[in-house]
Structures are given as C-alpha cells and as structure tokens.
1. Please go through the range 104-152 and pick out each residue that is out of contact with any Pro (no Cβ under 9 Å at 6 or more places or on another chain), closer than 21 Å to A174 by Cα and of a type in the set (S, T, N, Q).
2. Checking the structure you have, find out if any residue of the range 259-269 is of a type in the set (A, V, I, L, M), more than 15 Å from the chain's Cα centre (by Cα), surrounded by fewer than 18 Cβ atoms within 10 Å (Cβ to Cβ) and assigned by TED's automatic domain parsing to the domain that holds C119.
3. Do any strands (runs of 3 or more DSSP E) lying entirely in the range 15-132 carry at least 1 residues that are in contact (Cβ under 8 Å) with a residue 24 or more places away in the chain and touching a Cys at 6+ places or on another chain (Cβ under 7 Å), and which ones are they?
4. All but one of (1) under 19 Å from Y123 (Cα atoms); (2) touching a helix residue (DSSP H, G or I) at 6+ places or on another chain (Cβ under 8 Å); (3) polar (S, T, N, Q) hold for N212; state the number of the condition that does not hold.
5. Taking the stated definitions as given, is L80 modelled with pLDDT of 95 or more, under 19 Å from the mean Cα position of the chain (by Cα), under 28 Å from N186 (Cβ atoms) and of a type outside the set (D, E, K, R)?
6. Within the range 155-175, does at least one residue satisfy the condition of being in a helix (DSSP H, G or I), out of contact with any helix residue (DSSP H, G or I) (no Cβ under 8 Å at 6 or more places or on another chain), hydrophobic (A, V, I, L, M, F, W, C) and within 23 Å of M74 (Cβ to Cβ)?
7. Could you list, in sequence order, the residues of the range 131-152 that are acidic (D, E) and either exposed (fewer than 12 other Cβ atoms within 10 Å of the Cβ) or in contact with a Gly (Cβ under 8 Å, 6 or more places away or on another chain) (or both)?
8. Would you be able to tell me the number of residues in the range 154-172 that are modelled with pLDDT under 95 and not acidic (D, E)?
Amino acid sequence: MRTTRRQIVFAAAASVALPRLATAQAFPSQPIKYICPWPAGGSTDAVMRALAESAGKVLGQKVIIENKPGAGGMLGAAELVNAKPDGYTLAQLPHGVFRIPHMQKVSFDTLRDFTWIACLTGYTFGLVVPADSPIKSIKDLVDYAKANPGKFSYGSTGIGTSPHLAVEEFAQRAGITLNHVPFKGNADNMQAVLGGHTMAASDATGWAPHVNAGKLRLLATYGSKRTKRWPDVPTLDELGYKTVSDSPFGVCGPKGMDPAVVKTLHDAFKKTLDDPAVLATFDKFDQSVIYMDTDTYTKWARETYAAERATIERLGMIKTN
C-alpha cells in the first residue's frame, strides 16, 4: 500500500500535536500550589483555604495553600514571575500589585507578567480601636490627632496595601498626621492592637470576632455603603472624607499559560461560588461574591493599575526614579 508525501507530513504533525493535546486534557495531573501572600490564621488565609478545598474537589487534585507573608503581600507576585506557566503555581494578587510598583521598584510588571484567571470576592475594610479606648468615633480620632500630631498609631497589613492607603487618604482629607505601623498580615495586626502596642488597626474583617466579643470597637468601614452586619457603623465616605476602598481578588497565574488550562482553572474556581461552605466563609469575614471572568478581570486590572497611579500621585507617594 503506497504512502503519499502528504500522508507522511500529516502523520508527523499529528504525532507532535497529540502529546500537547493529551497534556491539556490531563490537567491537572498533580497537586496545585495556591500562594497566599499573607500569614496563616488571617481572614485571607481562611477564605483561600475554603476556595482551595472546593476547587480541588472540582479539579480532582488537591489545591494546596502555601503562605508567603511579607513585603505588603507582594511575595506571591514575585514567585509567579519565575513560575512555569503550567497551571500548577497560582496566587492571590492583592490590590498592592496595582499600587506598590508606582511607589518602589518591584521584580514584576503588573500588566505583563500575570494571567488574571478569575476574580471571586473582595474585602470589607474597617478601622478598629480597643474597646476601652477613649477614641469612640472618627471625630474623636481627628480631634486627638490634631491635638497630638503623629502620635496616634495604627497598624495595617503593610505599606501600600488597601488598609494602609485608605487611612492615609482619610488622614490627608482630614488634615491630620498619623503614625503608621506596618505588619505582615491580619494576625499580627490584631495581636498588636489587642495587646495595646498600637492605638488602632486598619484591616479587613479579621477584626470581626473581636468586635463581636466586645474587645474592639469599630469606628468606620471603607465601603461605598454600610455593612449588613454593622449597620450602625458609618463609612468614611458618608462622614465626608471621600474615601472608598475595596479590593477584589481571586486566582492568578504566570503569563503565557495555555488557554485550555486557564479555562479549566477558571471554570473550577467559578464553581466554588456555588459551594455553601465557601459562601459561609465569605459571610464570616463579610466578603461578598465579586465574580469576573478572565477577560473582564484582565481589563479591570489594566484600569485599576492606571487609577491607582493617580491615587499614589495625589498622596505624594510616587517613586522618583
């Protein structure tokens, strides 16, 4: 039986294409690492563990959380830059990736080095003080800070993070100077304010159990409207300080990922938003579903990067070189 030249070429092409197709179809064939750039025990860690467990059931492989705290949440981004784009290394990219590159030199390019797979949720931020603090309102804080410039200390989850910059924007609009104390994450920040080492803490709702237990007092939240759980607590925006902050996040990977792998991961993590266990964890930390598909999340990232540069410039924190 004669074999034509065309048949030989076709067979050779097929032999190359089939292994690639099999690889895409086999994904995932091993556990997936999902980097949490915050310490274990904090609100982000808890939420990401719920997402990882749920997504792992869909994918048929374990999704393992690896904590890499420090540097304002930038260590996950730094690792993604050097990771293989095979879908086995993922990370949460916090809002700082849109801000910190405008403030200092970093090892990554926010708009070129990542694949924005899916956005899933976002934080509720607030400012808390110890329950026995004489500061009982934002007005009290402003009055104290004006009388004692630079003496009111507050902790955040790091320089350039949303809890840091929201308070700095509020302080700028209020005409006050505060003493910022950066921590690696929510757990350290809470220990400091509960232990009396700082006068206040700006953070996501890792403070919620302490507020509910009567150990901390919530002065204000940073959203565009009041929260369902604390409807009597005002927002900084409604108090006249024109400060609104939230930080949508989800799952991201390195640049150059196979679109088929991206779709597999996107679809699996999207399904987590129907999981009662995941939604219960969101509720525990006052986080809502904020879903964006890959294209929408990528567009949002580009728009947010530009918007955050304007914020950093307004706060006078833009890098000079």
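1. Matches in the range 104-152: S133, N148.
2. To start, the set of residues in the range 259-269 that are of a type in the set (A, V, I, L, M) comprises 260-262, 265, 268.
Among the residues that remain, those that are also more than 15 Å from the chain's Cα centre (by Cα) are: 260-262, 265, 268.
When the remaining residues are screened for being surrounded by fewer than 18 Cβ atoms within 10 Å (Cβ to Cβ), the result is 260.
Now narrow it down to the ones that are assigned by TED's automatic domain parsing to the domain that holds C119: 260.
Within the range 259-269 (the criterion being of a type in the set (A, V, I, L, M), more than 15 Å from the chain's Cα centre (by Cα), surrounded by fewer than 18 Cβ atoms within 10 Å (Cβ to Cβ) and assigned by TED's automatic domain parsing to the domain that holds C119), the answer is yes, since at least one residue qualifies.
3. Numbers: elements: 32-36, 63-67, 89-91, 114-122, 125-130.
Output list reads 63-67, 89-91, 114-122.
4. Looking at each condition in turn, N212 falls short on (2).
5. Numbers: modelled with pLDDT of 95 or more: yes; under 19 Å from the mean Cα position of the chain (by Cα): yes; under 28 Å from N186 (Cβ atoms): yes; of a type outside the set (D, E, K, R): yes.
It is true that L80 is modelled with pLDDT of 95 or more, under 19 Å from the mean Cα position of the chain (by Cα), under 28 Å from N186 (Cβ atoms) and of a type outside the set (D, E, K, R).
6. Yes, the conditions are met somewhere in the range 155-175.
7. So in the range 131-152, the residues acidic (D, E) come out as 132, 140, 143.
Hit for the range 131-152 is D132, nothing else.
8. Initially, the range 154-172 is screened for residues modelled with pLDDT under 95, giving 157-166, 168-169, 172.
Then drop every residue that is not not acidic (D, E), which leaves 157-166, 172.
Number of matching residues: 11.
The values are calculated or read from the model by the stated rules, or taken from the named source; none is laboratory data. These figures come from a predicted structure and were not determined experimentally. So basically every Cβ, Gly included, is an ideal-geometry build from the backbone, and we count neighbours across all protein chains shown.
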